[in-house]
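S.K.: Structure provided below as structure tokens; questions to follow.
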Amino acid sequence: MYFIGLDIGSVSIKIVVLDKYGNKIEGHYLRHYGHPGSIALRILKEIYSRYKESSLSITGAGGKGIATVLNIKPINEIVSQSYSIKKLFPHVRTIIELGGEDSKLIILDESGIKDFSMNSVCAAGTGSFLEQQAERLKLTIEEFSEIAFKSQNPAKIAGRCSVFAKSDMIHLQQIATPIEDIIAGLCFAVARNFKGTIAKGKDIRMPVAFQGGVAANKGMVKAFKEVFELDELFIPPDFALMGAIGAALKDMDEGRINEFDIDILERYIMSTKFSDKGHAPLL
């Protein structure tokens with residue numbers, strides 16, 4: 001028996017396959033570009049062709065619809081993110097998780113989740129916010145990460161609102177601020193926003209883990225370490241897949257087997273498929 005964990009977020013799909021002992025056999029991170037259903041179906045069909053005898057666990061903000069179609073009880077994303085850490089890295093006491101459109105702070109103790117906090121529905125302070133600004137500067141998010149890490153003097157940028165941040169960026173460009181300082185300033189703006197809103201009044205316990213897709217950004221790692229005055233910030237090896245791993249491990253440990261029919265999901269996805277042609281542009 002194999003255990004598949006599927007985490008459908010606002011910008012990406014994460015999927016892992018675990019063996020019966022909980023060891024990861026394979027894991028994938030894919031952008032869905034607004035089509036989570038069709039991308040999830042494609043990767044699930046590929047996985048299912050290799051692992052016929054398998055159980056499926058689902059988590060993430062976008063997973064509820066697919067879970068309903070397949071008659072599987074989804075696992076809350078706070079629970080799945082914390083469960084993987086408790087199981088694999090029990091020494092961690094605080095989780096910072098940044099995804100495409102949401103960010104979370106989870107505080108743990110020996111028994112499990114002690115406290116947590118999430119952002120409001122706003123792009124500021126998330127991976128999407130950083131990607132939008134990288135696009136404005138005509139950089140890939142990978143280039144953004146490398147350049148931000150080089151800065152020694154991050155610029156001051158408002159991080160509470162992406163509209164204000166854009167205004168600050170335009171001003172900084174006009175006064176010829178070095179590009180690495182602007183980019184690093186954006187990372188520090190996100191970190192300060194996280195500390196001032198999501199972590200406000202919370203008891204940050206050491207050690208701290210940073211997970212979610214944004215943990216790949218070296219500039220954000222540096223910003224979080226400085227803003228929270230951390231000597232060390234632990235990045236799990238599978239930082240982007242921790243939700244999917246946690247969902248699969250939780251169902252496995254509780255003896256829950258979720259068999260699924262891939263044909264049911266395919267019929268549902270095909271019935272809701274939108275036309276690729278679209279309408280003529282407005283004039």
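The values are calculated or read from the model by the stated rules, or taken from the named source; none is laboratory data. Values in this document were obtained by computation on a predicted structure and should not be read as measured data. Glycine gets a Cβ as well: all are built from the backbone with ideal geometry, and neighbour counts include every protein chain shown. Ligands, DNA and RNA are stripped out before the accessible areas are found, and what is left, the full protein with its side chains, is counted by its heavy atoms. Shrake-Rupley method; radii C 1.70, N 1.55, O 1.52, S 1.80 Å.
S.K.: Can you check how the C-alpha radius of gyration of the stretch 1-125 compares to 2.2 N^0.38 Å, as a plain ratio? All intermediate terms of the calculation are to be shown ahead of the outcome.
M.R.: Working: Rg = 15.0 Å, N = 125, 2.2 N^0.38 = 13.8 Å.
Cα Rg divided by the expected 2.2 N^0.38 Å: 1.09.
S.K.: So for each of 166-172, 183-189 I average, over its residues, the number of other beta carbons within 10 Å; can you give me the resulting order with the highest mean first?
M.R.: Ranked from most to least packed, the peptides come out as 183-189, 166-172.
S.K.: To the nearest 0.05, what FRET efficiency results for Ile262 and Lys64 with a Förster distance of 22 Å applied to their C-beta separation?
M.R.: On the way: r = 18 Å, r/R0 = 0.84.
For R0 = 22 Å, the calculated efficiency reads 0.75.
S.K.: Evaluate the distance, in nm, between pseudo-label points positioned 7 Å from the Cα of Glu254 and of Lys73 along their respective Cα→Cβ axes.
M.R.: Taking the simple label geometry, Glu254 and Lys73 are separated by 0.5 nm.
S.K.: Which of the peptides 22-30, 97-105 is most tightly packed, and how do the rest follow, judged by the mean count of other Cβ atoms within 10 Å per residue? Before the final figure, lay out each step's value.
M.R.: Numbers: 22-30: 14.3, 97-105: 23.4.
Packing order, densest peptide first, comes out as 97-105, 22-30.
S.K.: Please work out the ratio of the alpha-carbon Rg of the stretch 128-283 to 2.2 N^0.38 Å and round it to two decimals.
M.R.: Taking the Cα Rg and dividing by 2.2 N^0.38 Å, one obtains 1.37.
S.K.: How far, in degrees from 0 to 90, does helix 36-50 lean away from the longest principal axis of the Cα atoms of the chain, to the nearest 10?
M.R.: 50
S.K.: Using the alpha carbon gyration tensor of the chain, what are the three equivalent-ellipsoid semi-axes (square root of 5 times each eigenvalue), largest first, in whole Å?
M.R.: In descending order, the three semi-axes are 34, 25, 15 Å.
S.K.: How far apart, in nanometres, would the label points at Lys45 and Ser167 be if each is projected 7 angstrom from Cα along the Cα-to-Cβ direction?
M.R.: Distance between label points: 4.9 nm.
S.K.: In addition: Going by average Cβ density within 10 Å per residue, which order do the peptides 55-62, 75-82, 134-141 take, highest to lowest?
M.R.: Order by mean packing, descending: 55-62, 75-82, 134-141.
S.K.: Please express the Cα-Cα pair-distance distribution P(r) of the stretch 220-283 as a list of whole percents, one per 10 Å bin, running from 0 to the bin with the greatest distance.
M.R.: Reading the bins upward from 0: 14, 19, 23, 19, 22, 3.
S.K.: For Cα pairs less than 8 Å apart in space and 6+ apart in sequence, what is the mean separation divided by the residue count of the stretch 1-90, i.e. the relative contact order in percent?
M.R.: Over the stretch 1-90, the number comes to 29 percent.
S.K.: Using the structure shown, list the pairs from Lys20/Lys45; Lys138/Lys222; Lys64/Lys150; Lys45/Lys250; Lys86/Lys150 with a Cα-Cα distance above 30 Å, or answer none. Please list the in-between numbers first.
M.R.: Details: Lys20/Lys45 20 Å; Lys138/Lys222 22 Å; Lys64/Lys150 40 Å; Lys45/Lys250 23 Å; Lys86/Lys150 33 Å.
With Cα atoms farther than 30 Å apart: Lys64/Lys150; Lys86/Lys150.
S.K.: Which angle between 0 and 90 degrees, to the nearest 10, do you get for helix 162-174 versus the longest principal axis of the chain when only C-alpha atoms count?
M.R.: Approximately 40 degrees, to the nearest 10.
S.K.: Starting from the residue with the highest accessible area, list Met220, Met270 in decreasing order, probe 1.4 Å.
M.R.: Numbers: Met220 0, Met270 110 Å².
Sorted by accessible area, descending: Met270, Met220.
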